[in-house]
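See below for the structure under consideration.
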Amino acid sequence: MEIPEQIWLLIARNLSGEASEREQKELAAILRKDEQLQQHYDLLTRVWVEKQGSLQNEENTSAKNTISRIIYKAENDTGNDESEQLMVMMAPSKKRRYWIAAASILIVGLGGWLLFSNKSPGIQEKAQAIIEAQRGSRLRSVLPDGSTVWLNAGSKLYYENDFSGDTREVRLEGEAFFDIIKKPDHPFIVHTSGIDIKVLGTAFNVKSYPEDKTVETTLYRGSVQVFRHEQPGKKIFQLRPNDKLTLSKEAATVPQNLSEKAKTLSSAKAIPAISTIAHIDSTKKENERIETAWVYNRLEFRGDNFEELARKLERWYNVTIVFADEKVKQLSVDGSFEKETVEQAFVALKTGFPISYKINNHEIFVGSAK
């Protein structure tokens, strides 16, 4: 698959976090039309996230040398001469990051797959992979077993990158929609905010941002079992299709009788008995449901107070919202945004609700209407 140079640049700028809002939208539109390119981008994102973690450790010369070899190989494959190679190796950090991304793309395109680890070659420890959707973006990725996960803005998913054990276990911070391949002998388990969600093959949504007061699990197909960390092995709920479970969070420690793997993957919170199960409208298509609207690039809010909406807007648009008074936080708001810019979104909010606002770059000051 031959990809134009402009798309390389768009991908590199997105990975390095320097893409403008227009460039992010342009790349998203391209990826929606090309499934193969989307898969390459998903794989590259996983490489890039791990590579960035390696680069943050200045003492990790092994990782830096590995990246240098990638750049050198990529330049040789594309026919650059020695002077251009030297220029890239000595280039300022911004240009260097673009070349690192482009080099990785070439290797992924050739069928290669590189993971960067702080371990020496002789150490046979499993590496942990991280998939992250930055604020202001959403991400689709394919897991090692072929299952698909969508991450909402400001979310992270941690997992052992080969899934070679008896279980396939991940830890979630934020919100994700999972479409899991059925493997009865290798159950899939999601650890998040004091609960474990065990599935065999199903599609479901989990919402558990650190600042949220609840954990929400919405099941679309198949079945899931939910366990509390404070009562390991004891099932507290079994959900059926179109069930939505909401559990309140409460601080607690991880029990000592959990396996070492579970302790690593589990967050240090547990769930009290406060819970509700609602049945969502099964007559609506998945792209019309509030719980999964974000997967289809639509931000829905129903009955949120403005403080809750502000957290969603911060993640959705990668902004910071500052309240000028407490009164506006309690406003109840309903609505949805899809293609609106952050400026257009606040114009609409001001039209429908008694608020005032001022936008200063990525910071938005919100108060009551004057």
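Being farther than 22 Å from Leu247 by Cα and under 18 Å from the mean Cα position of the chain (by Cα): is that true of Glu326 here?
no
Of Pro210, Pro187, which residue is modelled with pLDDT of 90 or more, closer than 21 Å to Gln134 by Cα and surrounded by fewer than 22 Cβ atoms within 10 Å (Cβ to Cβ)?
Just one listed residue meets the conditions, Pro210.
Considering only residues of the stretch 195-220 that are within 19 Å of the chain's Cα centre (by Cα) and small (Gly, Ala, Ser), which is farthest from Pro144 (Cα to Cα)?
The extreme case among them is Ser208.
May I ask you to say which residue of Pro187, Pro144 is over 19 Å from the mean Cα position of the chain (by Cα) and not basic (Lys, Arg)?
Among Pro187, Pro144, only Pro187 is over 19 Å from the mean Cα position of the chain (by Cα) and not basic (Lys, Arg).
Residue by residue through the stretch 125-170, note down the ones that are among the acidic types (Asp, Glu) and part of a strand (DSSP E or B).
Those that are among the acidic types (Asp, Glu) and part of a strand (DSSP E or B): Glu132, Glu160, Glu169.
For the stretch 312-333, how many residues meet the condition of being among the charged types (D, E, K, R) and within 17 Å of Asn297 (Cα to Cα)?
Within the stretch 312-333, residues that are among the charged types (D, E, K, R) and within 17 Å of Asn297 (Cα to Cα) number 3.
With the checklist (1) surrounded by fewer than 23 Cβ atoms within 10 Å (Cβ to Cβ); (2) in contact with an Asp or Glu (Cβ under 8 Å, 6 or more places away or on another chain) in hand, flag the one item Thr167 doesn't pass.
Only one criterion in (1) surrounded by fewer than 23 Cβ atoms within 10 Å (Cβ to Cβ); (2) in contact with an Asp or Glu (Cβ under 8 Å, 6 or more places away or on another chain) is unmet by Thr167, namely (2).
Please state which one of Thr320, Thr246 is over 27 Å from Val170 (Cα atoms), under 23 Å from the mean Cα position of the chain (by Cα) and at pLDDT 90 or above.
Just a single option satisfies the conditions, and that option is Thr320.
Take the residues in the stretch 112-164 that are hydroxyl-bearing (Ser, Thr, Tyr) and modelled with pLDDT of 80 or more, then tell me which one is surrounded by the fewest Cβ atoms within 10 Å (Cβ to Cβ).
Ser164
Name the pairs whose Cβ atoms lie under 9 Å apart, with the first residue in the stretch 351-370 and free of Cβ contacts under 8 Å to residues at least 60 places away in the same chain, the second of a type in the set (S, T, N, Q) and part of a loop (DSSP other than H, G, I, E, B), and 6 or more positions between them or separate chains?
Here the result reads His362/Asn318, each pair linking the stretch 351-370 to a residue that is of a type in the set (S, T, N, Q) and part of a loop (DSSP other than H, G, I, E, B).
Report yes if some residue within the stretch 302-317 is in a loop (DSSP other than H, G, I, E, B) and not acidic (Asp, Glu); otherwise report no.
No, the stretch 302-317 has no match at all.
The values are calculated or read from the model by the stated rules, or taken from the named source; none is laboratory data. The structure presented is a predicted model; accordingly, all values stated were derived computationally and were not measured. Glycine also receives a Cβ, built like all others from the backbone with ideal geometry; neighbour counts cover every protein chain displayed.
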